[in-house]
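Peer 1: Before I ask anything, here is the structure I am working with.
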Amino acid sequence: MVFSSHEGLSREHKGLILVTSLGGFLEFYDFIIYALMAVYIADQFFPSHDSFTSMLTTFATFSVGYFVRPLGGLVFGHLGDRFGRKPTFVATVLIMALSTFLMGCLPTYSQVGLWAPLMLVGLRVLQGFSIGGEIPGAMTYLSETVDRRRGLVMSLLFMVLANGVVFGSLVHAFMLWWLPVDEMKAWGWRIPFWLGGTMGICSYVVRKQFQESDLFLQLAKRKAQSAVPLFHLLQSHRRQLLVGIFLILPVATSMTLLFLFTPGYLTKMLGYSAGDVALAGSIGIFLSSVVFIAFGLLADTVSLRSLLCVASGIIVLFSVPVFYWYGAGVDVYSVMLVSALIQGSITGVAPLALSELFPVNVRYSGIAFCYNVSFALFGGLTPVIAMTLIGWTNNLQSPAWYLMVSGLFGLLATCMMSVPRRPSAAQL
(Lines give C-alpha, C1' and ligand atoms only; values in the text may rest on other atoms or scores of the structure.)
Protein backbone atom coordinates (compact mmCIF):
# COMPACT_ATOMS: atom_id res chain seq x y z
CA MET A 1 0.00 0.00 0.00
CA VAL A 2 1.36 3.39 -0.99
CA PHE A 3 0.14 6.49 0.80
CA SER A 4 -0.53 9.70 -1.08
CA SER A 5 0.86 13.08 -0.21
CA HIS A 6 -2.69 14.48 -0.16
CA GLU A 7 -3.46 12.43 2.92
CA GLY A 8 -2.38 13.22 6.44
CA LEU A 9 -0.59 10.65 8.51
CA SER A 10 -3.39 8.46 9.78
CA ARG A 11 -3.20 6.19 12.80
CA GLU A 12 -2.28 3.36 10.45
CA HIS A 13 0.59 5.38 9.00
CA LYS A 14 1.88 6.36 12.43
CA GLY A 15 1.65 2.78 13.65
CA LEU A 16 3.65 1.59 10.66
CA ILE A 17 6.35 4.18 11.30
CA LEU A 18 6.46 3.34 15.01
CA VAL A 19 6.86 -0.40 14.50
CA THR A 20 9.35 0.11 11.67
CA SER A 21 11.38 2.43 13.91
CA LEU A 22 11.44 0.17 16.97
CA GLY A 23 14.53 -1.76 15.89
CA GLY A 24 16.50 1.45 15.44
CA PHE A 25 15.12 2.74 18.73
CA LEU A 26 16.52 -0.42 20.32
CA GLU A 27 19.91 0.22 18.68
CA PHE A 28 20.21 3.71 20.17
CA TYR A 29 18.80 2.46 23.48
CA ASP A 30 21.40 -0.31 23.56
CA PHE A 31 24.17 2.17 22.73
CA ILE A 32 23.49 4.32 25.78
CA ILE A 33 22.58 1.41 28.07
CA TYR A 34 25.84 -0.40 27.38
CA ALA A 35 27.76 2.81 28.05
CA LEU A 36 25.85 3.51 31.26
CA MET A 37 26.18 -0.09 32.46
CA ALA A 38 29.86 -0.28 31.51
CA VAL A 39 31.10 0.02 35.08
CA TYR A 40 29.01 -3.00 36.14
CA ILE A 41 29.87 -5.00 33.00
CA ALA A 42 33.56 -4.31 33.60
CA ASP A 43 33.34 -5.73 37.13
CA GLN A 44 31.36 -8.81 36.06
CA PHE A 45 33.09 -9.75 32.80
CA PHE A 46 36.53 -8.11 32.77
CA PRO A 47 37.74 -8.08 36.37
CA SER A 48 41.15 -6.53 36.81
CA HIS A 49 43.22 -4.91 39.51
CA ASP A 50 43.55 -1.99 37.12
CA SER A 51 40.14 -0.30 36.73
CA PHE A 52 41.34 1.57 33.63
CA THR A 53 42.22 -1.69 31.86
CA SER A 54 38.90 -3.22 32.86
CA MET A 55 36.90 -0.28 31.49
CA LEU A 56 39.01 -0.08 28.36
CA THR A 57 38.34 -3.75 27.61
CA THR A 58 34.63 -3.21 28.19
CA PHE A 59 34.45 -0.35 25.70
CA ALA A 60 36.64 -2.24 23.24
CA THR A 61 34.04 -5.01 23.32
CA PHE A 62 31.40 -2.42 22.51
CA SER A 63 33.46 -1.16 19.57
CA VAL A 64 33.69 -4.67 18.13
CA GLY A 65 29.94 -4.58 17.61
CA TYR A 66 30.18 -1.10 16.17
CA PHE A 67 32.78 -1.95 13.53
CA VAL A 68 31.10 -5.17 12.38
CA ARG A 69 28.10 -3.13 11.23
CA PRO A 70 29.34 -2.56 7.64
CA LEU A 71 29.62 -6.34 7.15
CA GLY A 72 26.06 -6.78 8.38
CA GLY A 73 24.94 -3.99 6.09
CA LEU A 74 26.52 -5.69 3.07
CA VAL A 75 24.98 -9.08 3.88
CA PHE A 76 21.48 -7.87 4.74
CA GLY A 77 21.55 -5.29 1.94
CA HIS A 78 22.33 -8.09 -0.52
CA LEU A 79 19.54 -10.29 0.87
CA GLY A 80 17.07 -7.40 0.94
CA ASP A 81 17.71 -6.46 -2.68
CA ARG A 82 17.66 -10.08 -3.87
CA PHE A 83 14.82 -11.65 -1.87
CA GLY A 84 12.75 -8.82 -0.41
CA ARG A 85 12.64 -6.18 2.27
CA LYS A 86 10.24 -7.94 4.63
CA PRO A 87 12.10 -11.21 5.39
CA THR A 88 15.40 -9.38 5.82
CA PHE A 89 13.83 -6.65 7.93
CA VAL A 90 12.16 -9.27 10.16
CA ALA A 91 15.41 -11.23 10.57
CA THR A 92 17.50 -8.22 11.63
CA VAL A 93 15.24 -7.24 14.52
CA LEU A 94 14.92 -10.86 15.71
CA ILE A 95 18.70 -11.36 15.83
CA MET A 96 19.17 -8.02 17.56
CA ALA A 97 16.41 -8.70 20.09
CA LEU A 98 17.69 -12.16 21.02
CA SER A 99 21.32 -11.05 21.33
CA THR A 100 20.32 -8.09 23.53
CA PHE A 101 18.09 -10.24 25.75
CA LEU A 102 20.77 -12.94 26.10
CA MET A 103 23.33 -10.35 27.23
CA GLY A 104 21.21 -9.98 30.34
CA CYS A 105 21.34 -13.76 30.90
CA LEU A 106 25.10 -14.31 30.62
CA PRO A 107 27.03 -15.94 33.45
CA THR A 108 29.79 -13.79 34.89
CA TYR A 109 33.56 -14.24 34.92
CA SER A 110 33.45 -15.54 38.49
CA GLN A 111 31.03 -18.27 37.38
CA VAL A 112 32.49 -19.56 34.09
CA GLY A 113 35.82 -17.78 33.73
CA LEU A 114 37.04 -16.77 30.28
CA TRP A 115 33.85 -18.05 28.64
CA ALA A 116 31.94 -15.07 30.06
CA PRO A 117 33.77 -12.32 28.14
CA LEU A 118 33.95 -14.53 25.04
CA MET A 119 30.17 -14.97 25.05
CA LEU A 120 29.73 -11.23 25.61
CA VAL A 121 31.94 -10.45 22.61
CA GLY A 122 30.01 -12.99 20.52
CA LEU A 123 26.68 -11.38 21.34
CA ARG A 124 28.10 -7.92 20.64
CA VAL A 125 29.19 -9.17 17.20
CA LEU A 126 25.68 -10.50 16.54
CA GLN A 127 24.18 -7.20 17.67
CA GLY A 128 26.43 -5.15 15.42
CA PHE A 129 25.91 -7.52 12.49
CA SER A 130 22.12 -7.26 12.69
CA ILE A 131 22.15 -3.52 13.34
CA GLY A 132 24.06 -3.10 10.08
CA GLY A 133 20.88 -4.05 8.23
CA GLU A 134 18.30 -2.63 10.64
CA ILE A 135 18.22 1.14 10.11
CA PRO A 136 18.98 0.91 6.35
CA GLY A 137 16.12 -1.60 6.17
CA ALA A 138 13.78 0.83 7.93
CA MET A 139 14.81 3.66 5.60
CA THR A 140 14.35 1.47 2.52
CA TYR A 141 10.99 0.05 3.58
CA LEU A 142 9.46 3.41 4.49
CA SER A 143 10.83 5.16 1.40
CA GLU A 144 9.11 2.50 -0.74
CA THR A 145 5.90 2.29 1.27
CA VAL A 146 5.11 5.98 1.56
CA ASP A 147 4.86 7.59 -1.86
CA ARG A 148 4.94 11.19 -0.66
CA ARG A 149 5.46 13.09 2.58
CA ARG A 150 8.77 11.29 2.72
CA GLY A 151 10.38 14.21 4.49
CA LEU A 152 8.00 13.96 7.42
CA VAL A 153 8.07 10.16 7.50
CA MET A 154 11.88 9.90 7.41
CA SER A 155 12.20 12.56 10.12
CA LEU A 156 9.67 10.70 12.29
CA LEU A 157 11.76 7.55 11.87
CA PHE A 158 14.88 9.29 13.14
CA MET A 159 12.96 11.07 15.89
CA VAL A 160 12.00 7.67 17.31
CA LEU A 161 15.57 6.40 16.93
CA ALA A 162 17.14 9.36 18.74
CA ASN A 163 14.72 9.09 21.62
CA GLY A 164 16.05 5.60 22.27
CA VAL A 165 18.97 7.43 23.93
CA VAL A 166 16.57 9.48 26.05
CA PHE A 167 14.63 6.37 27.05
CA GLY A 168 17.85 4.55 27.96
CA SER A 169 18.89 7.45 30.19
CA LEU A 170 15.50 7.39 31.91
CA VAL A 171 15.71 3.63 32.46
CA HIS A 172 19.14 4.04 34.03
CA ALA A 173 17.91 6.84 36.29
CA PHE A 174 14.96 4.70 37.39
CA MET A 175 17.23 1.72 38.11
CA LEU A 176 19.51 3.86 40.29
CA TRP A 177 16.47 5.19 42.18
CA TRP A 178 14.94 1.73 42.58
CA LEU A 179 17.97 -0.38 43.51
CA PRO A 180 20.94 0.12 45.84
CA VAL A 181 24.37 0.16 44.21
CA ASP A 182 25.24 -3.34 45.49
CA GLU A 183 22.15 -4.85 43.86
CA MET A 184 22.81 -2.97 40.63
CA LYS A 185 26.26 -4.54 40.55
CA ALA A 186 24.95 -7.99 41.41
CA TRP A 187 21.95 -8.32 39.07
CA GLY A 188 20.19 -5.00 38.41
CA TRP A 189 22.35 -4.21 35.34
CA ARG A 190 20.69 -7.16 33.57
CA ILE A 191 17.19 -5.66 33.58
CA PRO A 192 17.76 -2.95 30.93
CA PHE A 193 19.04 -5.61 28.51
CA TRP A 194 15.99 -7.80 29.15
CA LEU A 195 13.78 -4.79 28.56
CA GLY A 196 15.52 -3.96 25.28
CA GLY A 197 15.30 -7.57 24.10
CA THR A 198 11.61 -7.73 24.94
CA MET A 199 10.91 -4.58 22.93
CA GLY A 200 12.75 -6.10 19.99
CA ILE A 201 10.79 -9.36 20.19
CA CYS A 202 7.52 -7.38 20.21
CA SER A 203 8.71 -5.57 17.09
CA TYR A 204 9.53 -8.92 15.47
CA VAL A 205 6.02 -10.28 16.15
CA VAL A 206 4.38 -7.21 14.61
CA ARG A 207 6.77 -7.02 11.64
CA LYS A 208 5.83 -10.56 10.64
CA GLN A 209 2.45 -9.10 9.67
CA PHE A 210 4.01 -6.54 7.29
CA GLN A 211 3.39 -6.74 3.57
CA GLU A 212 6.29 -6.67 1.15
CA SER A 213 7.15 -3.32 -0.41
CA ASP A 214 5.03 -2.79 -3.54
CA LEU A 215 8.01 -1.42 -5.44
CA PHE A 216 10.04 -4.53 -4.69
CA LEU A 217 7.13 -6.77 -5.74
CA GLN A 218 7.01 -4.93 -9.07
CA LEU A 219 10.76 -5.44 -9.40
CA ALA A 220 10.45 -9.16 -8.60
CA LYS A 221 7.57 -9.53 -11.06
CA ARG A 222 9.84 -8.23 -13.81
CA LYS A 223 12.67 -10.40 -12.43
CA ALA A 224 14.84 -7.29 -12.44
CA GLN A 225 16.70 -7.88 -9.16
CA SER A 226 20.44 -7.44 -9.28
CA ALA A 227 22.31 -10.75 -8.94
CA VAL A 228 25.05 -9.20 -6.81
CA PRO A 229 23.85 -5.72 -5.72
CA LEU A 230 27.22 -4.63 -4.33
CA PHE A 231 29.00 -5.31 -7.64
CA HIS A 232 26.28 -3.41 -9.49
CA LEU A 233 26.70 -0.49 -7.09
CA LEU A 234 30.45 -0.40 -7.58
CA GLN A 235 30.10 -0.63 -11.36
CA SER A 236 27.24 1.81 -11.98
CA HIS A 237 26.68 3.92 -8.87
CA ARG A 238 30.12 4.88 -7.55
CA ARG A 239 29.24 8.58 -7.54
CA GLN A 240 26.06 7.95 -5.54
CA LEU A 241 27.99 5.84 -3.04
CA LEU A 242 30.46 8.66 -2.47
CA VAL A 243 27.66 11.22 -2.17
CA GLY A 244 25.80 8.98 0.29
CA ILE A 245 28.86 8.55 2.53
CA PHE A 246 29.42 12.33 2.51
CA LEU A 247 25.74 12.97 3.30
CA ILE A 248 25.76 10.77 6.40
CA LEU A 249 29.24 11.86 7.53
CA PRO A 250 27.99 15.05 9.30
CA VAL A 251 25.08 13.10 10.81
CA ALA A 252 27.41 10.52 12.35
CA THR A 253 29.97 13.11 13.43
CA SER A 254 27.52 15.57 15.01
CA MET A 255 25.61 12.89 16.92
CA THR A 256 28.76 11.31 18.33
CA LEU A 257 30.67 14.52 19.04
CA LEU A 258 27.87 16.69 20.43
CA PHE A 259 25.97 14.12 22.49
CA LEU A 260 28.14 11.06 23.12
CA PHE A 261 31.65 12.53 23.40
CA THR A 262 30.66 15.68 25.31
CA PRO A 263 29.55 14.07 28.63
CA GLY A 264 33.07 12.88 29.43
CA TYR A 265 34.66 15.92 27.77
CA LEU A 266 32.60 18.42 29.76
CA THR A 267 32.86 16.71 33.14
CA LYS A 268 36.47 15.47 33.08
CA MET A 269 38.17 18.16 31.01
CA LEU A 270 36.10 21.30 31.61
CA GLY A 271 34.76 20.64 35.12
CA TYR A 272 31.02 20.78 34.42
CA SER A 273 28.61 19.10 36.83
CA ALA A 274 27.94 15.49 35.79
CA GLY A 275 24.27 15.80 36.75
CA ASP A 276 23.79 18.96 34.70
CA VAL A 277 25.58 17.47 31.71
CA ALA A 278 23.49 14.29 31.79
CA LEU A 279 20.19 16.17 32.04
CA ALA A 280 21.20 18.77 29.44
CA GLY A 281 22.31 16.03 27.05
CA SER A 282 18.96 14.21 27.31
CA ILE A 283 17.08 17.46 26.76
CA GLY A 284 19.34 18.28 23.82
CA ILE A 285 18.72 14.92 22.14
CA PHE A 286 14.97 15.29 22.62
CA LEU A 287 14.99 18.81 21.19
CA SER A 288 17.13 17.70 18.26
CA SER A 289 14.40 15.19 17.40
CA VAL A 290 11.91 18.08 17.33
CA VAL A 291 14.21 19.84 14.86
CA PHE A 292 14.17 16.61 12.78
CA ILE A 293 10.43 17.04 12.37
CA ALA A 294 10.67 20.73 11.49
CA PHE A 295 13.20 20.05 8.72
CA GLY A 296 11.31 16.94 7.60
CA LEU A 297 8.14 19.02 7.14
CA LEU A 298 10.12 21.61 5.20
CA ALA A 299 11.59 18.88 2.99
CA ASP A 300 8.08 18.11 1.69
CA THR A 301 7.65 21.67 0.41
CA VAL A 302 11.14 23.15 -0.06
CA SER A 303 13.99 22.07 -2.31
CA LEU A 304 15.89 19.24 -0.62
CA ARG A 305 19.15 20.59 -2.03
CA SER A 306 18.48 23.99 -0.42
CA LEU A 307 17.71 22.41 2.94
CA LEU A 308 20.91 20.36 2.80
CA CYS A 309 22.87 23.55 2.15
CA VAL A 310 21.20 25.24 5.12
CA ALA A 311 21.75 22.27 7.44
CA SER A 312 25.40 21.85 6.44
CA GLY A 313 25.90 25.62 6.71
CA ILE A 314 24.55 25.57 10.27
CA ILE A 315 27.24 23.03 11.18
CA VAL A 316 29.99 25.12 9.61
CA LEU A 317 28.81 28.36 11.25
CA PHE A 318 28.17 27.08 14.77
CA SER A 319 30.91 24.46 15.28
CA VAL A 320 33.52 26.86 16.69
CA PRO A 321 31.04 28.94 18.78
CA VAL A 322 29.66 25.81 20.51
CA PHE A 323 33.07 24.63 21.71
CA TYR A 324 34.16 28.18 22.51
CA TRP A 325 31.07 28.64 24.71
CA TYR A 326 31.80 25.38 26.50
CA GLY A 327 35.38 26.47 27.13
CA ALA A 328 34.16 29.84 28.40
CA GLY A 329 31.90 28.14 30.96
CA VAL A 330 28.59 29.16 29.36
CA ASP A 331 25.49 27.48 30.80
CA VAL A 332 25.46 23.90 29.48
CA TYR A 333 21.68 23.92 28.89
CA SER A 334 21.92 26.94 26.60
CA VAL A 335 24.73 25.45 24.52
CA MET A 336 22.88 22.13 24.21
CA LEU A 337 20.06 24.04 22.50
CA VAL A 338 22.50 25.09 19.79
CA SER A 339 23.82 21.52 19.60
CA ALA A 340 20.23 20.34 19.08
CA LEU A 341 19.87 22.73 16.14
CA ILE A 342 23.18 21.58 14.60
CA GLN A 343 22.47 17.88 14.90
CA GLY A 344 18.74 18.06 14.29
CA SER A 345 18.90 20.06 11.07
CA ILE A 346 21.26 17.72 9.20
CA THR A 347 19.59 14.54 10.50
CA GLY A 348 16.22 15.92 9.44
CA VAL A 349 17.20 15.93 5.75
CA ALA A 350 20.35 13.86 5.02
CA PRO A 351 18.72 10.40 5.51
CA LEU A 352 15.89 11.46 3.19
CA ALA A 353 18.41 12.48 0.53
CA LEU A 354 20.25 9.16 0.98
CA SER A 355 17.02 7.15 0.55
CA GLU A 356 16.47 8.81 -2.85
CA LEU A 357 19.94 8.27 -4.30
CA PHE A 358 19.56 4.66 -5.48
CA PRO A 359 17.12 2.75 -7.72
CA VAL A 360 15.00 -0.03 -6.22
CA ASN A 361 17.17 -2.94 -7.38
CA VAL A 362 20.15 -1.77 -5.27
CA ARG A 363 18.50 0.62 -2.82
CA TYR A 364 18.83 -1.46 0.35
CA SER A 365 22.49 -2.26 -0.40
CA GLY A 366 23.30 1.34 -1.31
CA ILE A 367 21.71 2.81 1.80
CA ALA A 368 23.29 0.15 4.04
CA PHE A 369 26.76 0.66 2.57
CA CYS A 370 26.75 4.46 2.89
CA TYR A 371 25.08 4.59 6.31
CA ASN A 372 27.25 1.95 7.95
CA VAL A 373 30.56 3.07 6.46
CA SER A 374 29.94 6.64 7.62
CA PHE A 375 28.90 5.62 11.13
CA ALA A 376 31.63 3.02 11.56
CA LEU A 377 34.47 5.23 10.32
CA PHE A 378 33.47 8.78 11.13
CA GLY A 379 31.06 8.15 14.00
CA GLY A 380 33.09 5.37 15.60
CA LEU A 381 36.39 7.24 15.33
CA THR A 382 35.05 10.65 16.38
CA PRO A 383 36.10 10.40 20.07
CA VAL A 384 39.58 9.24 19.04
CA ILE A 385 39.94 12.03 16.49
CA ALA A 386 38.65 14.63 18.96
CA MET A 387 41.11 13.56 21.67
CA THR A 388 43.96 13.41 19.13
CA LEU A 389 43.23 16.99 18.03
CA ILE A 390 43.26 18.15 21.64
CA GLY A 391 46.59 16.38 22.20
CA TRP A 392 48.19 17.78 19.05
CA THR A 393 47.03 21.36 19.51
CA ASN A 394 46.82 21.53 23.30
CA ASN A 395 43.53 23.33 22.65
CA LEU A 396 40.33 22.05 24.29
CA GLN A 397 38.21 23.71 21.59
CA SER A 398 39.98 21.95 18.68
CA PRO A 399 37.27 19.25 18.16
CA ALA A 400 35.21 22.08 16.66
CA TRP A 401 37.37 21.93 13.54
CA TYR A 402 36.50 18.29 12.94
CA LEU A 403 32.81 19.11 13.26
CA MET A 404 33.22 22.03 10.86
CA VAL A 405 34.93 19.79 8.28
CA SER A 406 32.01 17.35 8.48
CA GLY A 407 29.68 20.24 7.57
CA LEU A 408 31.89 21.05 4.58
CA PHE A 409 31.55 17.43 3.43
CA GLY A 410 27.78 17.86 3.68
CA LEU A 411 28.03 20.89 1.39
CA LEU A 412 30.24 18.91 -1.00
CA ALA A 413 27.71 16.07 -1.11
CA THR A 414 24.94 18.56 -1.88
CA CYS A 415 26.95 19.97 -4.80
CA MET A 416 27.66 16.44 -6.11
CA MET A 417 24.03 15.27 -5.99
CA SER A 418 22.65 14.63 -9.44
CA VAL A 419 19.27 13.18 -8.47
CA PRO A 420 16.12 15.25 -8.98
CA ARG A 421 14.33 16.73 -6.00
CA ARG A 422 11.81 13.88 -6.01
CA PRO A 423 12.24 10.77 -8.18
CA SER A 424 9.36 9.88 -10.46
CA ALA A 425 7.68 6.48 -10.44
CA ALA A 426 9.60 5.52 -13.57
CA GLN A 427 12.90 6.27 -11.87
CA LEU A 428 11.95 4.17 -8.88
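Peer 1: Which order do the peptides 262-274, 239-251 come out in when sorted by mean C-beta neighbours inside 10 angstrom, highest first?
Peer 2: The densest-packed peptide leads the list: 239-251, 262-274.
Peer 1: What is the extension gain from Arg239 to Gln218, computed as 0.36 nm multiplied by their sequence separation minus the C-alpha to C-alpha distance, in nm to one decimal?
Peer 2: Answer, rounded to one decimal: 5.0 nm.
Peer 1: By the gyration tensor of its Cα atoms, with a ≥ b ≥ c the square roots of the eigenvalues, what is the shape of the stretch 107-175: rounded for a/c under 1.5, prolate for a/b over b/c, or oblate?
Peer 2: Since a/c reaches 1.5 but b/c is at least a/b, the shape of the stretch 107-175 is classed as oblate.
Peer 1: Ok, one more. I'd like to know which of Cys105, Cys370, Ile95 lies farthest towards the positive end of the charge dipole of the chain, counting +1 on Cβ of Lys and Arg and -1 on Cβ of Asp and Glu.
Peer 2: Cys370
Peer 1: Multiply the residue gap between Leu18 and Val320 by 0.36 nm, knock off their C-alpha separation, and tell me the result in nm, one decimal place.
Peer 2: Full extension of this stretch gives 105.1 nm more.
Peer 1: While we're looking at this one, here's another question. If you rank Ser169, Ser155 by how much accessible surface each has, with a 1.4 Å probe, what is the order from largest down?
Peer 2: Ser169, Ser155
Peer 1: Something else now. Dipole size in debye (nearest 20) for the chain around its Cα centre, Lys and Arg Cβ +1, Asp and Glu Cβ -1?
Peer 2: Taking the Cα centre of the chain as origin, the dipole is about 1260 debye.
Peer 1: For a test of understanding, tell me how many lysine pairs in the chain have Cα atoms under 28 Å apart, given they are 8 or more places apart or on different chains.
Peer 2: Numbers: Lys14/Lys86; Lys14/Lys208; Lys86/Lys208; Lys86/Lys221; Lys86/Lys223; Lys185/Lys268; Lys208/Lys221; Lys208/Lys223.
So the count works out to 8.
Peer 1: Given a Förster distance of 22 angstrom, what is the FRET efficiency for Ala278 paired with Trp177, based on the Cβ-Cβ distance and rounded to 0.05?
Peer 2: After rounding, the FRET efficiency stands at 0.95.
Peer 1: Report, in deg cm²/dmol and to the nearest 500, the calculated mean residue ellipticity at 222 nm for the chain, where each DSSP H run with n ≥ 4 adds -39500 (n - 2.57) and the sum is divided by the residue count. Walk me through the numbers before you get to the answer.
Peer 2: Working: 19 runs with 315 residues, N = 428.
That calculation yields -24500 deg cm²/dmol at 222 nm.
Peer 1: Using the scaling law 2.2 N^0.38 Å as the reference, what is the normalised Cα Rg of the stretch 303-414?
Peer 2: Taking N as the residue count of the stretch 303-414, the ratio is 1.18.
Peer 1: Shape call for the stretch 160-202 from the C-alpha gyration tensor, a ≥ b ≥ c root eigenvalues: rounded (a/c under 1.5), prolate (a/b greater than b/c) or oblate?
Peer 2: oblate
Peer 1: Which one, Gly80, Ile283, Leu179, projects farthest toward the positive side of the charge dipole computed for the chain from Cβ point charges (K/R +1, D/E -1)?
Peer 2: It is Gly80, whose Cα lies furthest towards the positive end.
Peer 1: Still on this structure, I have one more. Mind checking which helices in the chain clear 18 Å along their axis (Cα) and have mean Kyte-Doolittle hydropathy of 0.0 or more, DSSP H runs only?
Peer 2: Flagged H segments are 11-36, 51-67, 69-83, 85-103, 115-145, 150-178, 190-207, 238-255, 274-299, 304-327, 332-347, 399-416.
Peer 1: Report the label-to-label distance for Leu337 and Gln209 in nanometres (one decimal), using points 7 Å from each Cα along the Cα→Cβ vector.
Peer 2: Label-label distance for Leu337 and Gln209, simple model: 4.3 nm.
Peer 1: Using a ≥ b ≥ c from the Cα gyration tensor of the chain (square roots of the eigenvalues), is it rounded, prolate or oblate, where a/c under 1.5 gives rounded and otherwise the larger of a/b and b/c decides, a/b for prolate?
Peer 2: Note, shape of the chain comes out oblate.
Peer 1: Something else now. Write down the accessible area per residue of the chain in Å², having rolled a 1.4 Å probe over the full set of protein chains.
Peer 2: For the chain, the per-residue accessible area is 40 Å².
Peer 1: Could I ask something else about it? Residue farthest toward the positive end of the dipole of the chain, with Cβ of Lys/Arg at +1 and Asp/Glu at -1: which of Phe323, Gly151, Pro192?
Peer 2: Among Phe323, Gly151, Pro192, the one farthest towards the positive end of the dipole of the chain is Gly151.
The values are calculated or read from the model by the stated rules, or taken from the named source; none is laboratory data. Model, not experiment: these values are computed from the prediction. Quick reminder, even Gly has a Cβ in these numbers, built from the backbone with ideal geometry, and neighbours come from all protein chains shown. The accessibility values were calculated without ligands, DNA or RNA, using every heavy atom of the protein model including side chains. Shrake-Rupley method; radii C 1.70, N 1.55, O 1.52, S 1.80 Å.
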